[in-house]
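The values are calculated or read from the model by the stated rules, or taken from the named source; none is laboratory data. Here the structure is a predicted model, which is why all the values come from computation and not from measurement. No Cβ is skipped: glycine too gets one built from the backbone with ideal geometry, and neighbour counts run over all protein chains shown.
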Amino acid sequence: MAVPFFAARDVEAAVPPAAAYDAVREAFVAYARGEWTMQPKLYVTNYPAGDFRAMPALGGGHALLKWVTSFPGNPARGLPTVSGIVVLSDAETGVPLALLDAGAVTALRTGAAAVLAAETLGRPAAETAAVVGVGVNGLAAARSFAARGRRVTVWDVDEGRARAAAAEIGGDVAPSREDALRADLLVTVTPGREVLLREGTLRPGQHVSLMGADGPGKAEIAVAELARGRVFCDDWEQASHGGELAAAVEAGALDRGDVAVLGDVLAGTAAGRSDGDEITIFDSTGLAIQDLAIAKAALARADELELARLDL
């Protein structure tokens, strides 16, 4: 059986940021309605080097398994932080339909989810948008903002990387990290080893999508600052055990009743922002249903691309 393989460039060609945004939005709604299902991601850790993650999902006539890694020290070795493979199968027969580069799928859905949350939960009159951390996933968020017609300010510890990202998307480089953190719609995509948002940092009316702290022990925001805002997450089980919420839940600063799920807001079964002064915070841990949405969108365009085929 010959199965098409989507290398990173193929995933990006098949699913541009605007299409990724729409696909991820549909996935959030389908999951909220119980039409798509998934199990919590399984971590196989090899700290301090990194970890492996297994992520299954089922929906829309397809099943998916993503085997993906996060090894923060890899760039120093000339290797990507995130790597792995996505297997997309027919849900009725179990037959594999495609293999996809996991890093590219992850970046697309991360960028789409960050901007989807920002636009859903941010103030309608929000003017400025910024991305702090423009590695692979942060650049995807900046591209998603740009695809939505927003001019984006970026900041990164690597000034050259920030300049390259700004040039690609037609955006700006923030004079400092603090300037970037003041944006109306803020996305942070850092390794999560340093708290960026300490108590009192966020302004009334601001929104932040926290995309970097996607595993145990990571944090981009202080617990006290998290408790100041109206909190949303992608999935309660994942976020309360391995996301930004985990430390706040353990400390007793937040519980299930304090947190809404983004998919429920999109499906109309939970309230979003209540007023213009409310601080909204989105905790993203990354969901297999988002990966499934990107994989399905890529497969739909397989015939338009010259893809390698692998014999299984």
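Out of L64, L58, L79, I need the residue that is surrounded by 20 or more Cβ atoms within 10 Å (Cβ to Cβ) and either touching a Pro at 6+ places or on another chain (Cβ under 8 Å) or not charged (D, E, K, R) (or both). Which one? I'd like the intermediate steps shown before the answer.
On the way: L58 fails: surrounded by 20 or more Cβ atoms within 10 Å (Cβ to Cβ); L79 fails: surrounded by 20 or more Cβ atoms within 10 Å (Cβ to Cβ).
Matching residue, one of L64, L58, L79: L64.
Please identify the pairs in which a residue from region 61-85 that is free of Cβ contacts under 8 Å to residues at least 12 places away in the same chain and within 20 Å of V11 (Cβ to Cβ) has its Cβ atom under 8 Å from the Cβ atom of a residue that is buried (at least 16 other Cβ atoms within 10 Å of the Cβ) and of a type in the set (F, W, Y), counting only partners at least 6 apart or on another chain.
Correct list of pairs: L79/F71.
May I ask you to list the residues in region 236-255 that are among the charged types (D, E, K, R) and buried (at least 24 other Cβ atoms within 10 Å of the Cβ)?
Filtering region 236-255 down to residues among the charged types (D, E, K, R) leaves 237, 244, 250, 255.
Across region 236-255, the qualifying residue is only E244.
Please verify whether A18 is under 17 Å from the mean Cα position of the chain (by Cα), under 21 Å from L100 (Cα atoms), in contact (Cβ under 8 Å) with a residue 60 or more places away in the chain and assigned to a strand (DSSP E or B), treating the condition exactly as stated. Full working, then the answer.
On the way: under 17 Å from the mean Cα position of the chain (by Cα): yes; under 21 Å from L100 (Cα atoms): yes; in contact (Cβ under 8 Å) with a residue 60 or more places away in the chain: yes; assigned to a strand (DSSP E or B): no.
Against the criterion (under 17 Å from the mean Cα position of the chain (by Cα), under 21 Å from L100 (Cα atoms), in contact (Cβ under 8 Å) with a residue 60 or more places away in the chain and assigned to a strand (DSSP E or B)), A18 does not qualify.
Can you tell me which residue is surrounded by the most Cβ atoms within 10 Å (Cβ to Cβ) among those in region 1-15 that are in contact with a strand residue (DSSP E or B) (Cβ under 6 Å, 6 or more places away or on another chain) and outside any helix (DSSP H, G or I)?
Looking at the filtered set, the residue picked out is F6.
Is it the case, given these coordinates, that Q290 is in contact with a helix residue (DSSP H, G or I) (Cβ under 7 Å, 6 or more places away or on another chain), polar (S, T, N, Q), surrounded by 21 or more Cβ atoms within 10 Å (Cβ to Cβ) and more than 24 Å from P124 (Cβ to Cβ)? Outline the logic, then answer.
Details: in contact with a helix residue (DSSP H, G or I) (Cβ under 7 Å, 6 or more places away or on another chain): yes; polar (S, T, N, Q): yes; surrounded by 21 or more Cβ atoms within 10 Å (Cβ to Cβ): yes; more than 24 Å from P124 (Cβ to Cβ): yes.
So Q290 passes the test.
Name the residues in region 76-122 that are at negative phi, of a type outside the set (A, V, I, L, M, F, W, C) and under 20 Å from the mean Cα position of the chain (by Cα), would you?
Looking only at region 76-122, we keep the residues that are at negative phi, and these are 76-77, 79-83, 85-93, 95-122.
Keeping just the survivors that are of a type outside the set (A, V, I, L, M, F, W, C) gives 77, 80-81, 83, 89-90, 92-93, 96, 101, 103, 106, 109-111, 119-120, 122.
Selection gives P80, T81, S83, D101, G103, T106, R109, T110, G111, E119, T120, G122.
Checking the conditions here, which among A308, A297 is closer than 20 Å to S89 by Cβ, at pLDDT 95 or above and surrounded by fewer than 24 Cβ atoms within 10 Å (Cβ to Cβ)? Before the answer, list the steps.
Values: A308 fails: at pLDDT 95 or above.
On inspection, the qualifying residue turns out to be A297.
Of all residues in region 225-271, count the ones that are of a type in the set (A, V, I, L, M) and assigned to a loop (DSSP other than H, G, I, E, B). Full working, then the answer.
Just the residues of region 225-271 that are of a type in the set (A, V, I, L, M), to begin with: 226-227, 231, 239, 245-249, 251, 253-254, 259-262, 265-267, 270-271.
Pick out the ones that are also assigned to a loop (DSSP other than H, G, I, E, B) and you get 253-254, 270-271.
The qualifying residues number 4.
Look through region 166-213, keep the residues that are assigned to a loop (DSSP other than H, G, I, E, B) and charged (D, E, K, R), and return whichever of them is farthest from F145 (Cα to Cα). Step through it out loud before you land on a result.
Going residue by residue through region 166-213, those that are assigned to a loop (DSSP other than H, G, I, E, B) are 170-171, 174-176, 181-184, 189-196, 198-206, 211-213.
Now drop any that are not charged (D, E, K, R), which leaves 182, 184, 193-194, 198-199, 203.
Numbers: R182: 17, D184: 13, R193: 25, E194: 25, R198: 25, E199: 27, R203: 21 Å.
Out of the qualifying residues, it is E199.
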